[in-house]
Structure formats: C-alpha cells, structure tokens
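A.B. asks: Sharing a structure with you now.
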Amino acid sequence: TGSLATFTATTVDPGSNNVTFQIVGLVPASYDITIVSNHTLMNVKKNVTIVGGANAVTFGTLLEGNCNNDSQVTAIDFSILAASYLKSTGQTGFDARADFDGTGQVNSLDFSLLAANYLKSSPITAP
C-alpha cells in the first residue's frame, strides 16, 4: 500500500474549512485517499469511487496542532509552541511550525488550535 499519485489541493469555497481536490488521471476504481498539510493531522477518506474525468472529493477540516508532523498532537507540540509563544517572524526563537493560522506570530489563537486537538492522532476518518 503505497502512494499511487500526489495532487495539489484547491479550495472550492474560500470561506470553507473543507479542503477539496480535483482528482484527474487515476484509473477509475475505489481508493483510500489521505490528505495532510504542514502542522495538521492526516484525514483519510476510504473507498472513494473515482470515475473518468474530474472528481471532487471533500475531506473535511484538517485539525491543527501537529508541530513536529508525527501524526499526533502531544506535549512535544505544546513545548514547540510554548518556546515560540508571542514571537513573530524574524524574532529569535520564532518557530513557524507553531504558527498554525499563518499570521506570522505565535499567539493565543495558535494555542487554542493546538488545545482543541490535544491528544488526537492521525489518521482521522473524513466525513
């Protein structure tokens, strides 16, 4: 069970927390498809039927908080966030892995994203 193909995500609805892919070029069949991003847990959608042509697949919300990309949100991730807390891009000690919302600063929102997913692990079955 290895990777058959890699695709780049496109967000169909910019206001949505869902990630949607256009799947093109796979042989029509049923696949288990995973999606992961930097500092998120992995979502998996099982038995997705891919047909000829374009296929839109919605994977649900990717859960933040996985600073070290080890498929779980633990005290290690909290330690990375804590060491960078209230620091911004360019400051000594800033660690972009803890900037979950991509604002260039590690703050209370980043902490809230980690806290909401504390002790969760991948893969998460997508709706």
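Values quoted throughout were computed directly from the atomic coordinates according to the rules given, and no laboratory measurement underlies them. Computed from a predicted model, the values in this text were never measured in an experiment. Quick reminder, even Gly has a Cβ in these numbers, built from the backbone with ideal geometry, and neighbours come from all protein chains shown.
A.B. asks: Hey, could you get me the Stokes-Einstein D for segment 20-67, Kirkwood radius over alpha-carbon pairs, 25 °C and 0.890 mPa s, rounded to whole µm² s⁻¹?
C.D. replies: Reported coefficient: 211 µm²/s.
A.B. asks: Provide the gained length on full extension for the span residue 112 to residue 125, in nm with one decimal, where the gain is 0.36 nm per separating residue minus the Cα-Cα distance.
C.D. replies: 2.5 nm
A.B. asks: Okay, moving on. Determine which lysines satisfy two conditions relative to residue 87: a Cα distance under 28 Å, and not lying fewer than 8 residues away in the same chain.
C.D. replies: 120
A.B. asks: How many nm separate the modelled label positions at residue 103 and residue 83, each set 7 Å beyond the Cα in the direction of the Cβ?
C.D. replies: 2.3 nm
A.B. asks: Can you give the local net charge around residue 108? Use residues other than it whose beta-carbon is closer than 14 angstrom to its beta-carbon, Lys and Arg +1, Asp and Glu -1.
C.D. replies: Taking every Cβ under 14 Å from that of residue 108, the sum is -3.
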